[in-house]
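The structure's right below; bear with me while I get my questions together.
We did not get these values from a lab; they are worked out from the coordinates using the rules stated. Computed from a predicted structure; not experimentally measured. All Cβ positions, even for glycine, are placed from backbone atoms using ideal geometry, and neighbour counts span all protein chains on display.
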Amino acid sequence: MIPFSHHRVERTDYDTLIIGAGPAGCAAAYDLARAGRRVLLIDKRTFPRPKACACGLTRKTLAALRYSVDPIIERTCREIVLQQASPDPKQREVRIRNRTPIAAMAVRERFDNFCLQQTLAAGAELKKIETILALREHETHIELDIQTANGPETLTAPILIGADGSNGQTRRMAPPRDSHGEALSPSAQDGFALEATIPYTSLPTILPAGDNPTDLIFDFAPLPGGYGWLFPKTDHINIGVGAFAPTPNPGGPSSATVSSSPKVGSQEARLKRVTRDLLAAYTLHKLGVDLTHLPNTVTGQHLGMGGHLYVPQGRILLTGDAAGLVDPLTGEGIHSAIVSGQAAAAAILETLPPTAPGSLSPIPYPLSPAVIYARNLRPLQQTLAFSHRAAQAFYKDPARGFRIMRTPILRSLVLKTYADGLPHTKLLTRLAKLVA
Ligand SMILES: Cc1cc2nc3c(=O)[nH]c(=O)nc-3n(C[C@H](O)[C@H](O)[C@H](O)COP(=O)(O)OP(=O)(O)OC[C@H]3O[C@@H](n4cnc5c(N)ncnc54)[C@H](O)[C@@H]3O)c2cc1C
């Protein structure tokens, strides 16, 4: 690891560089810009841009955002339907209802563009690039070589936030490391999901599996270690299949690192089950729609996981999927992306004073941003560590999970956890023991 130095550097172009203008990057940029910092968001796509995502926004996600996203909400859901494979039709479904909405449905392209516009209005700048050529972490600052449509360019800043998602370059160039300094291997932990959007106008009058087209459905029948989903929007259903279950982790923390990967193969095998054929068969089964008649509708992406072990270091702070912060139980990642982006911004504001354009980089306070970011990230990581254990237990035997959910009190706890999260550490510890 490069030591964090208090020496001055000649000049910096920005207070913070942020790679990726998705939920994590925008959340960080918004807070920094509102605090008056010179912040540059860098993205390789032109917005609005599509992104594989069912865009279910839980109550905790909406609460974490600094602004209302009401203008782009398509539907709110007060009920979730959990389904499993069972020979007994009565055991196949559990409906969990709530008096107030549990989650809101949006379309990701519109959600991300809305958040980006709020962030630019707050004062952040945006640069479109073709690729990152190099990322150099020095004792005193970061140097980033980028390729733009106008040619190569080098940017400098005291600190950089990696928010370019599960397949981004930052995660490869500066991989997240655990407390032993070992690089966390994405292939050992990541999930993978495929989705399609089906217009209501393409559906038969009665759905073949007997579902209601406006239900929010999580279905554990189509594949082991994951689920199929149906998320209802205004004019279409987002249907998908994903593998999320973490690799069994008998060796403790280090078994998720690059150096020891005996389970990598099995995780890859799980992800390989998530195919276009599986999604096509599932869509036919649930919606009676043949995906071959809807070309170009299927998209997919990895989901960054394993980040409950991430220990931030140096001048590159990873956030969201780039840090592996997707919840392995639910596959939910927008909440973690926002919370981690805000946590990184708060750490920077606490440790690095602002700089004037072209001025010397600041002398930081004694604590490094990475140390404060690690502290800020801990509550989220504790929740994800709990989810990691709960996911291992649940996906090993979903039928047991369904039996648990037949108890009203546990059912409402599951609902509350999904909607609001579990910030209470003592409760988490107790629950973690229960599911272990
Ligand atoms: C099929 C599917 C369904 C999902 N459904 C849900 C859901 O319903 N609810 C939920 O909460 N989560 C869901 N997720 C997870 C969620 O999409 C991610 O966790 C979330 O998008 C992470 O946000 P992020 O900001 O970290 O990264 P991203 O949203 O991936 O944003 C990364 C940004 O970085 C840019 N970028 C990438 N590489 C580079 C580069 N080299 N240089 C510059 N820019 C780059 C990208 O263009 C993008 O704008 C789903 C994921 C998948 C795959």
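Label-point separation (nm) for His138 and Thr76, each offset 7 Å from Cα along Cα-to-Cβ?
5.1 nm
If you don't mind, there's one more thing I want to ask. For His293 and Arg34 in one chain, what is 0.36 nm times their gap in residues minus the Cα-Cα distance, to one decimal in nm? Mind showing how you got there, number by number?
Details: separation 259, 0.36 × 259 = 93.24 nm, distance 4.71 nm.
Gain in length upon complete extension: 88.5 nm.
Strictly over 23 Å apart at the Cα level, which of Lys90/Lys286; Lys233/Lys286; Lys44/Lys272 would you flag in this model? Please report the intermediate quantities before stating the final value.
Working: Lys90/Lys286 18 Å; Lys233/Lys286 16 Å; Lys44/Lys272 27 Å.
Table pairs above 23 Å Cα-Cα are Lys44/Lys272.
Can you sort Thr330, Thr119, Thr351 from fewest to most other Cβ atoms within 10 Å of each residue's own Cβ?
Numbers: Thr330 18, Thr119 28, Thr351 21.
Final ranking by Cβ density, sparse to dense: Thr330, Thr351, Thr119.
Same structure again: Work out the length of the dipole vector of the chain about its Cα centre, built from +1 on the beta-carbon of each Lys and Arg and -1 on the beta-carbon of each Asp and Glu, and round it to the nearest 20 debye.
Values: 47 positive and 37 negative charges, 281 e Å.
That gives a dipole near 1340 debye.
Please list, in chain and number order, the residues 5+ apart from Lys233 or on another chain whose amide H is under 5 Å from its amide H, with Hs placed from the backbone.
Long-range HN contacts for Lys233: Asn238.
With no solvent and one point on each alpha carbon, what is the Debye value of log10 I(q)/I(0) for segment 16-435 at q = 0.06, 0.08, 0.11 Å⁻¹?
Here the Debye-derived log intensity ratios amount to -0.24, -0.43, -0.81.
Kirkwood Rh over alpha-carbon pairs of segment 72-180, then Stokes-Einstein at 20 °C and 1.002 mPa s: what D in µm² s⁻¹, rounded to an integer? Kindly include the intermediate steps, with their values, before the conclusion.
Working: Rh = 18.7 Å.
Rounded, D is 114 µm²/s.
Size of the dipole of segment 110-172 about the Cα centre, Lys and Arg at +1 and Asp and Glu at -1 on the beta carbon, nothing else charged, in debye to 20? Don't skip to the answer; put the middle values down first.
Details: 6 positive and 9 negative charges, 53 e Å.
Here segment 110-172 has a charge dipole of around 260 debye.
Lys272 to Lys396: FRET efficiency via 1/(1 + (r/R0)^6), r the Cβ-Cβ distance, R0 30 Å, to the nearest 0.05?
Values: r = 19 Å, r/R0 = 0.64.
In this case the efficiency is close to 0.95.
Moving to a separate point now. Dipole magnitude of segment 156-250 about its Cα centre, charges +1 at Lys/Arg Cβ and -1 at Asp/Glu Cβ only, in debye to the nearest 20? Spell out each step's value before the answer.
On the way: 4 positive and 9 negative charges, 55 e Å.
Roughly 260 debye for segment 156-250.
So, one more: For a Förster distance of 60 Å, can you work out the FRET efficiency between the beta-carbons of Asp88 and Gln117, rounded to the nearest 0.05?
On the way: r = 50 Å, r/R0 = 0.83.
Efficiency, rounded to the nearest 0.05: 0.75.
³J(HN,Hα) across segment 136-148 via Karplus (A = 6.51, B = -1.76, C = 1.60, θ = phi - 60°), whole Hz, x for Gly/Pro?
Once θ is set to phi - 60°, the couplings for segment 136-148 become 10, 9, 9, 4, 10, 6, 10, 10, 10, 9, 10, 9, 10 Hz.
With just the Cα atoms defining each centre, how far is segment 50-84 from segment 23-37? Give it in Å.
Answer, in whole Å: 21.
Between Asp235 and Lys127, how many nm apart are label points set 7 Å from Cα along the C-beta direction?
The modelled label-to-label distance comes out at 3.8 nm.
Nearest 500 deg cm²/dmol is fine: what mean residue ellipticity at 222 nm does the chain get from its DSSP H runs of n ≥ 4 alone, each adding -39,500 (n - 2.57), divided by its residue count?
Values: 12 runs with 139 residues, N = 436.
Rounded to the nearest 500, the figure is -10000 deg cm²/dmol.
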